[in-house]
Every structure is written in C-alpha cells, then in structure tokens.
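Here is the structure we will look at.
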Ligand code: KG4
Ligand code: ZN
C-alpha cells in the first residue's frame, strides 16, 4: 500500500488515531505529532473478569465489540477531531489474545476502507516502549528500555524506530503474571499488581527471604521459582530459602517480601544492562512500571549512575491506545503502512519487528 504521511488540511500537524484491544482494555486515542495526547479513552473490563480470577478471552472479545464504538465516539469528541481529518489509523496487531486483537483490527480496517486512510500495524511491545515519548517530549533514540507487563518482561536496547536489540527476557513467567498469581494465592483479588502494591505498603519487605533467581551472566529473568516459593510458604510447606515461620507473617509482610524480591531481580538485571550498554537514558514501561516500590528503586538506580530515567505516569504504563497512536505516528512518517490483508498475530517478537514492519503472516 503506497499511502504517504498526509498532514491535516491547512495545518502542519498530523493526528493519528490509535486502537488497542490486545487484552482486556478497550482503548481508543488521538495523538498529535506523536507527542501530544488529545484524548485517550481506556475502558477497563476488570469488573467482568474479576469473578474468574483472570482474563477470560471469550468475554474480552465480546466486551471489545460492545465498547469499541462508544470509545471511538468519546475519543473523537474529547479531542474535538473529525474522523475524516486523521492522517492514519494505528492498531495493535499483536502480540496478544487473537480474538481480542481481531476486534480492534477489524474496526481499524473498516475505517481505513471507508475513508481511504493508511492502516498502520503496531506491535504492542513497541507501543509500550514509545509510551516513554508521551511522558518526556525531549526523549529520543537510543535508549535502554525495561518492558514489564502481564505478558512480557524484556530488556531492550532501542537504537532507532524498529531497531530493537533484545538483551534479555523472561524464561518463564512475566513479572505481572507473578504479581497476579501471588495476589490470587494471598486472596488479594484481580488484577494482582495494584493489590500487592497497596498491601505491601503496610508490610515488612524483609519479613520473608524469598529466593532471587541467579541468572549467571545472562540478562534474562525468571520469576517462576519465586512464585512457587510464595505459594509453598502460604500453603505452609516451607521452603529452604525461607527464614520465617508462616504463622508469624501478615499478608502485608508476604506481599512486601514478594514485591521486594521481584524489584531486586528487575533492578539487578537493569543495572547490568546499564553497565553493558553504557546507555545514558533508561525507560521503564508496561503495567508493572506502575509499581510504587519499583518506581522508587529505579529512581535511586538512575541517580546512582547519573542517567536520565523516564517512567510514564501510571495511566500510560498500563494498556492504552495513546502509546499505539504514538508508535503509529513515527511509523506513518516513514511510510510503514500495510494493506487491508494484514493479520492479527498472538506472537510477534521485537526481533521480528526489527526484521519487518509487518506482523508475520498467519498462513
Ligand atoms: O501492560 P499491561 O497493562 O498489560 C499487558 O500488556 O500485559 O500490564 C498488566 C500487568 C498486570 O499483570 C498487572 O497486575 C500489572 O501489570 N500491574 C502492576 C501494577 N499495576 C499493574 N504490577 C505491580 N504493581 C502495580 N502497581
Ligand atoms: Zn501491555
């Protein structure tokens, strides 16, 4: 498709519409020139999933269908923008739940077909990375980025748009997945991250010495051992690394001790990546970047190394369409658009984004 970046008539600005439906948030946003958020509507589906203790894909896709058009109307209204004046439609094509992604992609394709607009496929992880641009308008490539979400934990050296070197990633659970599982075991509900964050503020982070994975020379992560240690501790089986009797601990102590172990592991690998890359900018993005203890410890780490730290405000850490519109703007500027036959894909690694701007073909 040969769409070129078109600026809105009579102005030098380019407004991109972003659509994000990769998981359980239905979100539509309008962003001007990749940096200014005009609107960012995020419809959380938590109340429909929480009885099940996690996301139910069937419910997520049905709710996306119900919520996407109201979210689109609201986003346009709030931004005072007409749909036919946008320069392009950026949509998350993966990674994520395929039946959820398909809803956003179908809507994006319909708008592009009806209004002859360019379709811009965006990788969800790239969206998270570029959320840093929305919180610091001076930020530019290159930067070191820690992406921590419900599905991913990756350390990436972002050289330029679409030039991503993955330095390390989780070998088992994502950090957010561990938060969610431990919160369930502690009876703190769903989503687990914010619940643990709140509970931990009243607990002692040194109450239980949960294990920290030793990854040797690698910059990978592993959270499954820690998760299992917490589960065993709560079930009263004890663990070789655990020093305190379960009966003497409060839920807040366990939450704080678990959170401290996750943060220690994230800090340790990030510090090694700073040393290795000699990066002078660190961005920490994704849902787990909303964690208050992590934000504090990352602040300390960055000042110890005298580097700039960018952590988006909480609303831009968790899933949102503004980050997709932001990534879409930079892609549109370079003509990285797609035909209407583009697929939604459950798996789409950042290495593949580096190789091609299009998601992998499904068949
Ligand atoms: O980026 P995100 O909204 O969705 C994915 O792409 O996965 O991240 C969601 C994850 C969930 O696992 C949630 O528990 C976690 O982010 N999270 C947190 C906090 N807020 C959200 N984890 C720790 N502390 C928080 N304050
Ligand atoms: Zn996400």
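The values are calculated or read from the model by the stated rules, or taken from the named source; none is laboratory data. Everything numeric here is computed off the predicted structure, so don't read it as measured data. No Cβ is skipped: glycine too gets one built from the backbone with ideal geometry, and neighbour counts run over all protein chains shown.
Conditions: (1) assigned to a helix (DSSP H, G or I); (2) in the same structural domain as residue 29 (by TED's automatic domain parsing); (3) within 16 Å of ligand 1 (Cβ to nearest atom). Residue 113 meets all but one. Number of the miss? Unmet for residue 113, out of (1) assigned to a helix (DSSP H, G or I); (2) in the same structural domain as residue 29 (by TED's automatic domain parsing); (3) within 16 Å of ligand 1 (Cβ to nearest atom): (3).
The one condition from (1) outside any helix (DSSP H, G or I); (2) within 19 Å of the chain's Cα centre (by Cα) that residue 81 does not meet is (2).
Taking the conditions exactly as written (within 15 Å of ligand 2 (Cβ to nearest atom), in a strand (DSSP E or B), under 30 Å from residue 356 (Cα atoms) and without any contact (Cβ under 8 Å) to a residue 60 or more places away in the chain), does residue 159 satisfy them or not? No: the conditions fail for residue 159.
Taking first residues from segment 279-298 that are closer than 19 Å to residue 136 by Cα and partners that are assigned to a loop (DSSP other than H, G, I, E, B) and more than 8 Å from ligand 1 (Cβ to nearest atom), the Cβ contacts under 6 Å between residues at least 6 apart in sequence or on separate chains come to 280/307; 282/307; 284/311; 289/311; 295/311. Of the residues making up segment 38-56, those that are modelled with pLDDT of 90 or more and either assigned to a helix (DSSP H, G or I) or over 19 Å from the mean Cα position of the chain (by Cα) (or both) are 38, 48. Can residue 104 be described as in contact with a strand residue (DSSP E or B) (Cβ under 6 Å, 6 or more places away or on another chain), within 16 Å of ligand 2 (Cβ to nearest atom) and over 16 Å from residue 287 (Cβ atoms)? Yes.
Once segment 175-200 is narrowed to residues that are closer than 15 Å to residue 232 by Cα and part of a helix (DSSP H, G or I), the residue that is nearest to ligand 2 (Cβ to nearest atom) is 178.
The residues listed here are 302, 315, 346; of these, the one that is within 16 Å of ligand 2 (Cβ to nearest atom), surrounded by fewer than 23 Cβ atoms within 10 Å (Cβ to Cβ) and outside any loop (DSSP other than H, G, I, E, B) is 315. For segment 318-343, a residue qualifies if it is away from ligand 1 (no atom under 16 Å from the Cβ) and not in a helix (DSSP H, G or I), and the qualifying residues are 334, 335, 336, 337, 338, 339, 340, 341, 342, 343. Residue 129 satisfies every condition listed in (1) at pLDDT below 95; (2) within 16 Å of ligand 1 (Cβ to nearest atom) except (1).
Residues that are touching a strand residue (DSSP E or B) at 6+ places or on another chain (Cβ under 6 Å), in the same structural domain as residue 260 (by TED's automatic domain parsing) and part of a strand (DSSP E or B) do occur in segment 221-232.
Residues considered: 209, 213, 256. Of these, the only one that is assigned to a helix (DSSP H, G or I) and either buried (at least 18 other Cβ atoms within 10 Å of the Cβ) or in contact (Cβ under 8 Å) with a residue 12 or more places away in the chain (or both) is 256. Please work out if residue 188 is crowded, with 17+ Cβ neighbours inside 10 Å and over 28 Å from residue 348 (Cβ atoms). Taking the combined requirement at face value, the residue satisfies it. Every condition in (1) within 13 Å of ligand 1 (Cβ to nearest atom); (2) assigned by TED's automatic domain parsing to the domain that holds residue 281 is met by residue 144 except one, and the failing one is (1).
Could you list all residues from segment 168-192 that are out of contact with any helix residue (DSSP H, G or I) (no Cβ under 7 Å at 6 or more places or on another chain) and near ligand 1 (Cβ under 8 Å from one of its atoms)? Result: 174, 177. Residues in segment 137-156 that are surrounded by fewer than 16 Cβ atoms within 10 Å (Cβ to Cβ) and touching a residue at least 40 places away in the same chain (Cβ under 8 Å): 2 in all.
Contact annotation: residue pairs with Cβ atoms under 8 Å, 6 or more positions apart or on different chains, pairing a residue in segment 70-84 that is touching a residue at least 12 places away in the same chain (Cβ under 8 Å) with a partner that is surrounded by fewer than 14 Cβ atoms within 10 Å (Cβ to Cβ), are 76/82; 83/115; 84/115. Restricting attention to segment 305-344, the residues that are in the same structural domain as residue 28 (by TED's automatic domain parsing) and on the phi > 0 side of the Ramachandran plot add up to 1.
When only residues in segment 274-294 that are more than 9 Å from ligand 1 (Cβ to nearest atom) and in a helix (DSSP H, G or I) count, which is surrounded by the fewest Cβ atoms within 10 Å (Cβ to Cβ)? Selected residue: 275.
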